[in-house]
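Encoded as structure tokens, the structure appears first; notes follow it.
Bear in mind that the values in this text are calculations on the coordinates, not laboratory data. Please read all numbers here as calculations on a predicted model, not as lab measurements. As a convention, Cβ positions derive from the backbone with ideal geometry for all residues, glycine included, and neighbour counts pool all protein chains shown.
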Amino acid sequence: MTHSPALQKVPPTVVSLADHEQHARQQLDDNAWAYFSGGAADEITLRANRSAWDALTLWPRVLRPLAGGHTRVSLLGRTLAHPILLAPIAFQRMAHPDGELATAYAAAALGAGLVLSTQASVPLEPIAQAVLSDPGRGPLWFQLYLQHDRGFTQALVQRAEAAGYEALVLTVDAPTSGIRDRERRAAFRLPPGIGPVNLAGLQPAPAPQLQPGQSALFDGLLHQAPTWDDIAWLRSITRLPVLLKGVLHPADATQAVAAGAAGVIVSNHGGRTLDTAPPTAVALPRVAQAVAGAVPVLVDGGIRRGTDVLKAMALGASAVLVGRPAVHGLAHAGAAGVAHVLRLLRDELEVAMALTGCRTLAEAGAHLLDPATAAVWEQAGPR
């Protein structure tokens, strides 16, 4: 029987996602803060993810008919109350004892989609059991890292299917971890009792027998890294749609569609892998153009306001994912904090829509943005 998460209150002075972040910093120790908030190397991409959304200008429209408007969108055959999903984040019990369970309850209560991490600190089955019966919930997807043991990976996929997950989100942008200086300075370690419980029983990969002068990365670890051939293998072993997360280059987006991906997620891993990679707001319209409507395009990275959600939709996104803000809410207020983060984003989205003259998100296009941005986008061709 799945227990309900502890009920906590959000302080009345918390009125933005930035407020949630400040309160979370007071709750999390340096070890957890380095993991959840840090990026790769000099954290240039981490900062750029945020500033790129800020740099986009929204043009207000006036005297437009707005009565009866809504935030509903269609995604993989479902109608969602709004286009906000929670991105996969590992080890959420470092932020709060209820961990991913609290996040799942909050997502279901607010009609938001949830993508559970392979490296969740709560097993995938009780998460599904807790939310699948909620008629107002959003999609329930499982994020997957292909393991060196493909048999173990297949069994993990079968577990997700049996539990009721509705899609797989394969992370493709991390064949190796980024250079995470902040984590190294903090000497990051998982606390006792917290770990990737869904990977229990996975045996370590055999240690490579390296010759003098060989690279532990290129001659060792990367022999296990997934390739495009593995996309075909994954699709052959599951009935679930497979989305690829971590696509930035338009050529990769085109290849993803050709490989049968059900969707692509424009992501740079929250700025945690390749530093100086482009911010997702810059990559999004290029990927959307390359895909040309063949599959849904989602985006994450730096989204902190409802205006950011609207900008993403205007640039061709079908939906957005948020990660760190959910952890911030979780850290200081549990499930209530996560729910509050989602409520703020949806409320802000509705206000932004009204002030830009959008009765529905189908009306959100490049015309909402700065004319120079719109001209470039229109010249690129149809979405």
Simple SL model, points at 7 angstrom along Cα→Cβ for Asp149 and Gln203; separation in nm is 0.7 nm
Most exposed first, judged by fewest Cβ atoms within 10 angstrom, Asp30, Asp98, Asp149 run Asp30, Asp149, Asp98
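At a threshold of 8 angstrom on Cα-Cα distance, excluding pairs fewer than six apart, so keeping six or more, what relative contact order does the chain reach in percent? All intermediate terms of the calculation are to be shown ahead of the outcome.
Working: 773 pairs, mean separation 107.2, N = 383.
Computed over the chain, the figure is 28 percent.
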Filtering chymotrypsin sites (Phe, Trp or Tyr not before Pro) in segment 216-270 by DSSP loop and by at most 14 other Cβ atoms within 10 Å leaves Phe218
Surrounding charge for Thr171, neighbours by C-beta under 14 angstrom, Lys/Arg +1, Asp/Glu -1, total -2
quick note, the chain, DSSP beta bridge pairs, % antiparallel (nearest 5) is 15 percent
Under the Karplus relation with 6.51, -1.76 and 1.60 and θ = phi - 60°, whole-Hz ³J(HN,Hα) for segment 146-159, x at Gly and Pro, equal 5, 8, 4, 8, 5, x, 5, 4, 4, 5, 5, 4, 5, 4
Listed by chain and number, the residues whose amide H is under 5 Å from that of Glu43, excluding neighbours fewer than 5 places away on the same chain and using placed H, are none
With the dipole of the chain defined by +1 on each Lys or Arg Cβ and -1 on each Asp or Glu Cβ, the option from Met313, Pro60, Ala95 whose Cα lies farthest towards the positive pole is Pro60
The base-10 log of I(q)/I(0) that the Debye equation returns for segment 1-63 at q = 0.12 Å⁻¹, one scatterer per C-alpha, is -0.57
Note, Ala262: beta-carbon cut-off 14 Å, +1 each Lys/Arg, -1 each Asp/Glu, net +3
Rounded to two decimals, the Debye log10 I(q)/I(0) of segment 58-215 (Cα scatterers, no solvent) at q = 0.08, 0.09, 0.18 Å⁻¹ is -0.33, -0.41, -1.18
Magnitude of the Cβ-charge dipole (Lys and Arg +1, Asp and Glu -1) of the chain about the Cα centre, nearest 20 debye, reported as 540 debye
Whole-Hz Karplus couplings 3J(HN,Hα) for segment 203-215, θ = phi - 60° and coefficients 6.51, -1.76, 1.60, Gly and Pro as x, run 7, x, 5, x, 5, x, 8, 8, 8, x, x, 7, 9
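Please report the net charge: other residues with Cβ closer than 14 Å to the Cβ of Gln203, K and R +1, D and E -1.
Numbers: positive: Arg150; negative: Asp149.
In short, 0.
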Taking placed amide H atoms and a strict 5 Å upper bound, the residues 5 or more places from Arg272 or on another chain that come that close are Ala40
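Rounded, prolate or oblate: pick one for segment 149-284, where a ≥ b ≥ c are the square roots of the eigenvalues of its C-alpha gyration tensor, a/c under 1.5 means rounded, and failing that, prolate if a/b is larger than b/c, else oblate. Walk me through the numbers on the way to the answer.
Working: a/c = 1.39, a/b = 1.13, b/c = 1.22.
Since a/c stays below 1.5, the shape of segment 149-284 is classed as rounded.
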Summing -39500 (n - 2.57) over every DSSP H run of at least 4 in the chain, dividing by its residue total and rounding to the nearest 500, the 222 nm mean residue ellipticity is -12000 deg cm²/dmol
If N is the residue count of segment 1-131, its Cα Rg over 2.2 N^0.38 Å rounds to 1.28
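Can you list which of the trypsin sites (Lys or Arg not before Pro) found in segment 188-249 are DSSP loop residues with at most 14 other C-beta atoms within 10 Å? Numbers along the way, then the final one.
Values: sites: Arg189, Arg235, Arg239, Lys245; in loops: Arg189, Arg239.
Listed in order of number, the matching sites are Arg189, Arg239.
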So the compactness index of segment 268-367, its C-alpha Rg divided by 2.2 N^0.38 Å, takes the value 1.14
Among (i) 64, 45, 40; (ii) 69, 48, 41; (iii) 68, 53, 33, the value of Cα extents along the principal axes in Å computed for this structure carries the label (ii)
With Cα springs under 10 Å, the Gaussian network model of the chain assigns the largest mean-square fluctuation among Ile179, Ile89, Ile303 to Ile179
Spelling it out for Ala120: with amide H atoms placed in the peptide plane at 1.01 Å from N, the residues 5 or more places away or on another chain with amide H under 5 Å from its amide H are Phe91, Asn198
Scattering profile of segment 306-351 from the Debye formula, Cα beads only, expressed as log10 I(q)/I(0) at q = 0.15, 0.18, 0.31 Å⁻¹, is -0.40, -0.55, -1.04
